[in-house]
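Here is the structure we will look at, set down as structure tokens.
The values are calculated or read from the model by the stated rules, or taken from the named source; none is laboratory data. Keep in mind the model is a prediction, meaning the values are calculated, not measured. Here the Cβ positions follow ideal geometry from the backbone for every residue, glycine too, while neighbour counts run over all protein chains shown. Areas reflect the complete protein model, heavy atoms only, side chains present, ligands, DNA and RNA absent. Shrake-Rupley method; radii C 1.70, N 1.55, O 1.52, S 1.80 Å.
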Amino acid sequence: MVTTDRFVTLTADDPRLRLHLMGRDGTRGDRVRPVLVSSLNPHLFRSVQLNEWTFEYVDVAALRRPSLMKVWLLALRPETWVLSLAPMVSVLGILLGTSTALSMTEVLSVISGIIALHAAINLFDDYHDHMRGWDRVESHGGARVLAQGWLRAGEVRTVAWTLFVVACAIGLHVLATRSAGPMALVAVGAFLAGLEFAVSRFGLKYRGYAEIAAWFMFGPMLTVGLNWALTGGWSLSALLLGSLFGSVALLAIHLKNFENILTDGQARLLTWPVRAGFDASKTFTVLCSGLLMFSFALVLVFVTPWPERLIALVALVSGIGPLLGRVSRIKSPVAGEMRGLYRGALRLAWLLFAGFVVGDLIHFWGDQFVSAL
Amino acid sequence: MQIKIYSPSDFPSYLPKLNGLYDELFRDGKGFRSRLIGRIGSALGLESRVIDLLGQTIEFIHNASLLHDDLVDRSALRRGKPAAWTKYTPEYAVLAGDYLLARVMVNLSAHGNIRLIQETAQAISDLLEGEWIQDSLVRDMSVRLTDLDRVHNLKTGSLFKWCLRAPFIAKHRVDDRLLGRLEECGTILGVLFQRSDDLLDFDVRNDEGKAILGDLKSGYLNSFSVWLLAEFRENDRARFERAIKCQSLGEFKSAIGEEHFESRLRDFDQENQRLIDLYQHRLQELQADLLPDEVSVTRDLKELPQLLYWRKRN
């Protein structure tokens, strides 16, 4: 251990390391927080310094932390919930439209459970990245609330587990009212897939498979699985909706990785954009967008042909056009245009989701209105 | 050691104008990097011919980058005099820079330390990568400090890292942990040097009389510009747009407010003092990896951040 008044460096086998990572140093009380120091050296991952962890002792008052609510909102990353919410709600919309017996309680339970699970996975993602030291070299990724010392790792872990327990409780409640086997299978599968994405024990996130995994996890696995769990059978509609929303997730994850191509490349993280290259990644964005439009066309043709679906089409086109325009203008990996590509993709997902919801609502209320007449 | 450290064999007399070009280039430089090499090399007990070789190498690389940089940026002046590409031709500037890099490889390969050659090749590669990326930042008004740090790590930091590591490699002290620590120190020095250079653009501690607002006028937001203007870029776009179009420092300070300028300067200095403290911490870590006869190196390294950032000795 090497220490000056302001900094301390601990080796990987130092018993004090875990305490420091959890946001405490054991001697200075709550007034001072050990904050992990990010290295300015982009080659850290090639260096033996990876086994050393440097912390800065920072006065909590000097952390310039926003309000606690804002910090937790940042940590929970609600802007990402759309990736799991949209496919589930679209399937529920189809089932309600085909008069499948679903109670409002069940619908709200499923939605709440999904949100709780997704939020838990986001928190586990940040927690594990912090504990494994990714925050030392990656200046992006996650909500950065731990990297900036705004929350302690222990707090994040506690809330993550709490949300996970809530999600399980909701899931068990729904299981009690439906065929337990299929639902349990889907739930466990979704959680394990989400955990692998967050914790990355097999490193899929950084080996170029994140995009494919995202398409599957946020797409057909969710929609077909949910449909099967609620009806006992499979449906083409669920599959096509899965393909559509899976394509949205594919585009979002690709743009997230593309946005970070420089930092990931320097850190030798072999994401798809790093392996394919800058120019090929731009082309891949166009291909993903094409897949998205094609999937939507299939939905229009084969999934209960409500004209209200056109609202979603307008939302999709109005979102994807500007996004593709931005990507085409990008000339370098540090260009200003690179920043916010992932956020742009999430905005597109929300637009599409809103388009589906508005269309469904117009359809249901329209039917009821006509019936009343 | 000499700063003008090349021999007739480096630049054949039958090549027109080459000697004259290099004479002017090397005459006016401060030779900071080669002096640093000299001090570290002497502390490590390297032979004088090896110290000269290392000093020549870094000066060749640095000046090659200046020759190319001035042409890429279309800078008319270098060190207060016409840049090489204006005095001679752009073609000569390109060829002269390439020739310096080629001489580096010739001289190092004659020396025969393969690890040193690898280290040097990597430094040149990083330098060029940084130049490539930086070129795309001109007229990019949404660049952030983290983006600039990444570029400067490659462009400026690569040579500082080389200065710290090369003497040890020349001594065949190829200890990964030692070299890793030196790399961390070099990274911090590179950032501090660049940020200090960026302050000169705003006439802060500008004893060398560098041109004011040169970066901003050519459409490049340097690290201090980003630091000053970040909150306007997010919250007061009109003010931001007004500030980036200013043609004089007085106009610029009026646009953003004198008080804001001074307050942000204090914050910037505080943040960089934090980096200096982190550097000193890294030096303490380094001491544990040095052999007893190498410990005096840290004495020379200790004062570097003060020199580079505050531009003064302790």
Any chance you could look up the accessible area of residue A:69 with a 1.4 Å probe, heavy atoms only, rounded to 10 Å²?
140 Å²
Would you mind pulling out the separation of the Cα centroids of segment B:258-308 and segment B:141-162, in Å?
17 Å
Using a basic spin-label model with each label point 7 Å from the Cα along Cα→Cβ, how many nm lie between residue A:60 and residue B:288?
2.9 nm
Listed residue (A:248, A:176, A:68) projecting farthest to the positive dipole end of the protein assembly as shown, Cβ model:
A:68
Rounded to the nearest 10 Å², the accessible area of residue A:162 at probe 1.4 Å:
80 Å²
Distance in Å, no decimals, from the C-alpha centre of segment A:295-329 to the one of segment A:233-264 is 14 Å
Candidates B:131, B:231, B:303; GNM for chain B (alpha-carbon contacts under 10 Å) flags as most fluctuating B:231
Can you tell me, using C-alpha contacts under 8 Å and at least 6 residues apart, the relative contact order of chain B as a whole percent?
16 percent
Can you pull the percent of Cα pairs in chain B with separation above 37 Å?
18 percent
Heavy-atom accessible surface, probe 1.4 Å, ligands and DNA/RNA ignored: which residues of segment B:174-188 lose at least 20 Å² versus the isolated chain?
B:176, B:177, B:180, B:181, B:183, B:184, B:187
Let me check something: with ligands and nucleic acids excluded, how do B:60, A:216 order by accessible area (1.4 Å probe), largest to smallest?
A:216, B:60
For chain B, the percent of accessible surface on carbon and sulfur atoms (probe 1.4 angstrom, ligands and nucleic acids excluded) is 51 percent
How big is the A/B interface in buried accessible area, both sides summed, 1.4 Å probe, to the nearest 100 Å²?
2800 Å²
If you rank B:179, A:108 by how much accessible surface each has, with a 1.4 Å probe, what is the order from largest down?
A:108, B:179
Most fluctuating of B:159, B:291, B:213 in the GNM of chain B (C-alpha, under 10 Å) is B:291
Using 20 Å as the cut-off for backbone N distance, which residues of segment B:161-186 belong to the label zone defined by a point 7 Å from the Cα of residue A:51 along Cα→Cβ?
B:173-185
Which lysines does residue B:302 reach when only Cα atoms under 24 Å apart count, and residues fewer than 8 places away in its own chain are ignored?
B:30, B:155, B:161, B:171, B:312
Can you pull the accessible area of residue A:70 for me, 1.4 Å probe, Å² to the nearest 10?
120 Å²
Sort A:281, B:13 from largest to smallest accessible area, using a 1.4 Å probe on the heavy atoms of the protein chains.
B:13, A:281
At 10 °C and 1.306 mPa s, what whole-number value in µm²/s does Stokes-Einstein give for the translational diffusion of the protein assembly as shown, with Rh from the Kirkwood sum over Cα pairs?
56 µm²/s
Please give the charge dipole size of the protein assembly as shown, origin at the Cα centre, charges +1 on K and R Cβ atoms and -1 on D and E Cβ atoms. Round to the nearest 20 debye.
180 debye
For q = 0.09 Å⁻¹, what log10 I(q)/I(0) does segment B:89-209 give under the Debye formula with an equal point scatterer on each alpha carbon and no solvent?
-0.32
